[in-house]
1. Measuring from the lowest to the highest alpha carbon on each principal axis, how far does the range A:286-506 reach, largest first, in angstroms?
2. Can you give the accessible area of residue A:289, probe radius 1.4 Å, in Å² rounded to 10?
3. Amide H of residue A:42: which non-local residues (sequence gap of 5 or more, or other chain) have their own amide H closer than 5 Å, using H built in the peptide plane?
4. For the protein assembly as shown, give me the percentage of DSSP beta bridges that are antiparallel, rounded to the nearest 5 percent.
5. Please quote Rg/Rh for the range A:192-310 to two decimal places, taking the Kirkwood radius as Rh and restricting both calculations to Cα atoms.
6. Please list 3J(HN,Hα) in residue order for the range A:489-501, calculated via the Karplus relation 6.51 cos²θ - 1.76 cosθ + 1.60 where θ = phi - 60°; whole Hz, with x for glycine and proline.
7. Quick check: convex hull over the Cα atoms of the range B:10-144, volume per residue in Å³, rounded to an integer?
8. Could you give the size of the charge dipole of the range B:119-194 about its Cα centre, using +1 on the Cβ of each K and R and -1 on the Cβ of each D and E, expressed in debye and rounded to the nearest 20?
Amino acid sequence: MATEFSLSRRHLLLSGTAITAATLLGRQRLAGAQPARDGGTLIAAADTEPRNLNPAIVASNGVFYVASKVIEPLAEMDYETGLRPLLAIDWQGSDDGLTFTVQLRPNVTWHDGTPFTSADVAFSAMEVWKPLQNLGRVVFRNLESVDTPDDGTAVFNFSEPTPPQLIENAMPALTSVIPKHLYEGTDIAENPHNQDLVGTGPFRFGEHRPGEFYRLHRNEDYWAETLPYLDEIVFRVFPDRGAIAAGLETGDIQVSAFSAVPLVELERMAAIDGVSVIPGGYEGITYQITLEINHRRPELADPRVRQAIRQALDPSFIVDTVFLGYATAATGPVPQTATDFYTDDVQMYETDTDAAEALLDEAGYPRGDDGNRFSLRLRPAPWFAQTRATGDYVRQALRGIGIDVEIVSADPAGHINAVYTEHDFDLAVGSPVYRNDPAISTTILFQGGLPAGVPFANQYGYDNPQMNEIISSASETIDTAERVGLYNDFQRLASEDLPIINLVEFTFITVARDDVQNIANNPRWATSSWADTWISD
Amino acid sequence: MMRHWSIGGVIGAAVLAVLVLVAIAAPWLAPGDPLDIVGRPLLPPFTDPRFPLGTDQLGRNVFAGLVHGTRVSLLVGLAAAAAAIGVGILVGTVAGFLGGWTDEGLMRVTEAFQTIPTFLLALAMVSALGASTVNVVLAIAISSWPATARLVRAEILSLKSRDYVDAARLAGMSRLGIAFREVLPGAVQPVLALIGITVGVAILVESSLAFLGLSDPNQVSWGGMVANGRAVLRTAPYLVAIPGAAVAVAVLSVSLVGDAMGRRLLVSRER
């Protein structure tokens, strides 16, 4: 339900890139013409090697990309039905929001032959998702216990009302189930199976050669009897993105996800015979580019200054130049791909430098003799070329209204420490990902009173009682319509108050050889199981 | 004097002089901030007279980047080399002249630095200190002084037992006075030959650090331009070729000049 209409919507949004839409249509025709074929090795490009590959602990796309083929969640996102059952076949939340009952798929075995039961789900929830997982710590905060009346039923008991809609939305990314018999009684965070994965998924973990590849083998005993189609998936590690494009051209690589091929190369790649550029399949993991603001700076604590900064910036410039059109201007913290929560009934801003300068004058920051009103230090997140380029753009745009900006660069660890622990920044360019429900990934960027050191959260010194109230009442509202209404209020207040500035939103691009079939067929395709992926002749 | 300058030396000196002029004249050659977005992205060279060398992915003027990058490269190269040679001379003179435990101690420290490759040490230092121009200069200087120190020490050792040194000692000069006023001027000559190499290495290390993203992000740098252009190597190779060629030309000219100075020195010593 979360993303029912997103495929068509996404294609409308990207209709500017006509080539890609045309090639996608071509592919679908081809796929429909033949029956799926067993066998073959799929070679995919990977550009990171996470140290901890356990998706139950580290719910991040870099981990999911490899691990989602081995370890499954309870359910996966689906274009038609919203949620497609995987390890769960049915689920029901109680009216008071205190229990959530899950019926599990029977006759599922772990890759080592041990039967999968509700005890595994209970163990994963209580010992891993709630205490250890980056996202689960928030969503399963009030999870008190998980009852297992029989091997096929798990009953989640919450101490406070917890919206069933939230749990449903959390299922694809937050509920990877790991085997109790291999983790119980060990130091879970340091368990060797965090690298040598054992799951229930369509592929078994083969080997990882650092700096070279991950190899996954077909699981002959997969619960969906005709799946998977592929014999093997090999993730080849390419730190250099230019090499990925070259590999796709020569056929050494068949799939590259997460925009590993630089955007500027896409037009050239689309024109190559045998290679397609596919924009869909990431709606469930929409990213935004945001300007994070440190409210501890007295200038930036003034909402007029934040509005002036917003008016000095032109999101469409970032869309056109930084993203070459593969992005959309954002209107608030919930992206337009999230059709169930998104509202456009919010405070909108035009790009207007004169109005921005007038606001700054009014706020008491006139231009000095050197033309500057004040100086700010900007830390662009170093992980995307686009976050760094946006930093360069923001620097130039703010200088236009008399705010001098100095860019400070650091490696990823240094950046996270400086912004989210030390608060050693005035502005930062961030890239939050929206995960299917504002309560999972987004309200944490606005909620006051979080301890220092929680990364990708409100470390901005922003603490608005009205905002906190909306967030806390929405987190306990069981009724779905009422809950959505509260999140609409949330978006409105965020757009008026501008604690952070949401600039643009983007999803990634897949580039693949034409013989790879069933690409981008769910909203988290790159981080889903690839059980139905196959290679045609 | 000119007849001892090889053709390479003359060419090197001429190119270097041009680079210095460009560096000095950068604000007039390409006014404004070279990091500003000024045009359509990815304009190829020689298509728009406003951007003679084209624009990069963000629409920044490549010519402006090249010109202002000359400033950064030469400034960092010269400053780092000057600092490295200064430290090297100081350590080499003190070690060579005082001898004994001082010499032992200082030379062990020098060797400790020599065991770590110049680039790795600079990389580690800039990562730890943060990416700013001053830190880059400091890191390059600290990682490249040992060669000078060893050379100066060797020269001092061979000079310090000469008669004129004994004469100075009999005249009652202090030891450090003798070292720095009497012995050092004679020992410094071969260091001149090292300048070319040291400056060249410094420019190269600065570019490499910038290529890895370890340079002041508020200043344009050739290495940074190459790193930026690498992502679009297939569609816009000029974004890598132009700053890459600039690094090559600068390093070559500096080492040609250094080489020529070394040769001249050799000739004058043999006479």
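1. The principal-axis extents, from largest down, are 57, 37, 37 Å.
2. 0 Å²
3. A:232, A:233, A:234
4. Here the share of antiparallel DSSP bridges comes out near 80 percent.
5. Reported Rg/Rh, Kirkwood definition of Rh: 1.15.
6. Values, residue by residue: 4, 4, 5, 4, 5, 4, 6, 7, 8, 6, x, 10, 10 Hz.
7. Details: hull volume 20.4 nm³, N = 135.
Residue-normalised Cα hull volume stands at 151 Å³.
8. Details: 7 positive and 4 negative charges, 26 e Å.
Around 120 debye, computed over the range B:119-194.
The values are calculated or read from the model by the stated rules, or taken from the named source; none is laboratory data. Just so you know, these numbers come straight off a predicted model, no measurement behind them. A quick note on method: Cβ atoms are made from the backbone with ideal geometry, for glycine too, and the neighbour counts reach across all protein chains shown. The protein model used for the area step is the full one, side chains on, heavy atoms only, and it has no ligands, DNA or RNA in it. Shrake-Rupley method; radii C 1.70, N 1.55, O 1.52, S 1.80 Å.
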